[in-house]
Amino acid sequence: MTAPRNIVVLTGAGISRESGLHTFRDPDGIWQRVRIEDVATPEAFARDPARVQAFYDARRAQLRDPAVQPNAAHRALAELDRRWPGEFLLVTQNVDDLHGRAGARRLLPMHGELAKARCLRCDTVQASPPRLGDAPPCAACGAAALRPHIVWFGEMPLGMERIDAALAACDLFVSIGTSGNVYPAAGFVAEVRGRARTLELNLEPSEGTRFFDEARHGPATALVPEFVA
Ligand code: BV8
Ligand code: ZN
């Protein structure tokens, strides 16, 4: 196998688990405690915006907990990004800010970002205060109607053109800490297999594990630094 030139890495909630942030579908996961239909769809926001804002305010507050820091897996990926001479794109499903805080640059948060708010009138994205309800009016149009800058179920993920271009050019695809349940992210491996070498690094086999040339199972803070070394 010739050395890869262009790499796409996809991460999910598992890579942030050892930083103290819960995943979604593990036994102690977020969707075990609250229903997607109640907090993570446009319909939920229209029906009960206060409940949805409170759900995201609570998760945003966790990002400010000094105990929540980038871990060795986030740092290893940022190091790979820094030194990789070919094309590199770190696509994350996570809405936490740990990849960015670890120093990743060629980073695409396809499901949005907890730390940001979006104007309901003009779509301008701006930083969110800890409680989104305390945000000033939209800096671009003055509307006092903001939503979390999060991609809810039924909404189009962000950056899909850039992701599709990176997938078309990659010859190595690495999936880390995701259960492979949510589309379109879960479909990326099927898009590239045969053309790119595909590797899964996850605590346990994901829904799509059969699509990977190789799968290594264990905690991300052990597997990712070893892969990057
Ligand atoms: C779209 C933001 C179309 C929210 C998220 C019916 C109705 C409507 C839509 C659909 C439908 N049926 C199917 C769909 C499509 C839907 C979908 O896929 N649903 C699934 C549930 C069947 N997808 C969508 O709706 C997407 N949009 O399709 O739009 C469209 C097309 C054109 C035009 C307009 C629209 C939008 C999907 C994005 C939704 N938003 N997040 C929030 O975060 O609050 S998705 C949500 O799941 C989270 O973001 C999360 O990141 C993501 C994926 O979960 P994972 O990251 O994989 O986390 P999970 O807990 O599942 O797994 C963790 C893994 O880590 C496990 O495998 C575990 O073993 C491992 N792990 C644990 N610890 C460790 C570890 N690994 C390593 N080390 C450890 N220490
Ligand atoms: Zn606006």
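The values are calculated or read from the model by the stated rules, or taken from the named source; none is laboratory data. As the structure is a prediction and not an experimental result, all values here were calculated from the model. All Cβ positions, even for glycine, are placed from backbone atoms using ideal geometry, and neighbour counts span all protein chains on display. Side chains included, ligands, DNA and RNA excluded: accessible areas come from the protein's heavy atoms. Shrake-Rupley method; radii C 1.70, N 1.55, O 1.52, S 1.80 Å.
Some points to look at:
- Residue tally, condition more than 15 Å from Gly159 (Cβ to Cβ) and buried (at least 16 other Cβ atoms within 10 Å of the Cβ), over region 92-115: 7
- Residue within region 65-84 that is more than 12 Å from ligand 1 (Cβ to nearest atom), in contact (Cβ under 8 Å) with a residue 12 or more places away in the chain, part of a helix (DSSP H, G or I) and acidic (Asp, Glu) present: yes
- Filter pass, Glu191 being surrounded by 14 or more Cβ atoms within 10 Å (Cβ to Cβ), over 17 Å from the mean Cα position of the chain (by Cα) and assigned to a helix (DSSP H, G or I): yes
- When Phe211 is tested against (1) open to solvent by 50 Å² or more (accessible area, probe 1.4 Å); (2) closer than 30 Å to Asp57 by Cα; (3) of a type outside the set (Gly, Ala, Ser); (4) free of Cβ contacts under 8 Å to residues at least 24 places away in the same chain, exactly one condition is not met: (2).
- Sub-6 Å Cβ pairs linking a first residue in region 1-24 that is within 16 Å of ligand 2 (Cβ to nearest atom) to a second residue that is among the β-branched types (Val, Ile, Thr) and open to solvent by 40 Å² or more (accessible area, probe 1.4 Å), at least 6 apart or interchain, number zero.
- In region 128-153, the residues that are within 23 Å of Gln93 (Cβ to Cβ) reach residues that are part of a loop (DSSP other than H, G, I, E, B) and within 8 Å of ligand 2 (Cβ to nearest atom) with C-beta atoms within less than 6 angstrom, at least six apart or across chains, in these pairs: Arg147/Leu120.
- For region 159-178, a residue qualifies if it is in a loop (DSSP other than H, G, I, E, B) and buried (at least 19 other Cβ atoms within 10 Å of the Cβ), and the qualifying residues are Cys170, Gly177, Thr178.
- In region 80-115, residue farthest from ligand 2 (Cβ to nearest atom) [restricted to those that are of a type outside the set (A, V, I, L, M) and over 24 Å from Pro225 (Cβ atoms)]: His111
- Considering residues of region 116-144 that are open to solvent by 40 Å² or more (accessible area, probe 1.4 Å) and among the small types (Gly, Ala, Ser) only, the residue farthest from ligand 2 (Cβ to nearest atom): Gly133
- Those residues of region 1-35 which are buried (at least 18 other Cβ atoms within 10 Å of the Cβ) and within 16 Å of Gln62 (Cβ to Cβ), in sequence order: Ala13, Ile15, Ser16, Arg17, Ser19, Leu21, Thr23, Phe24, Ile30
- Looking across region 14-59, just one residue is in a helix (DSSP H, G or I), among the β-branched types (Val, Ile, Thr) and more than 9 Å from ligand 1 (Cβ to nearest atom), and that is Val52.
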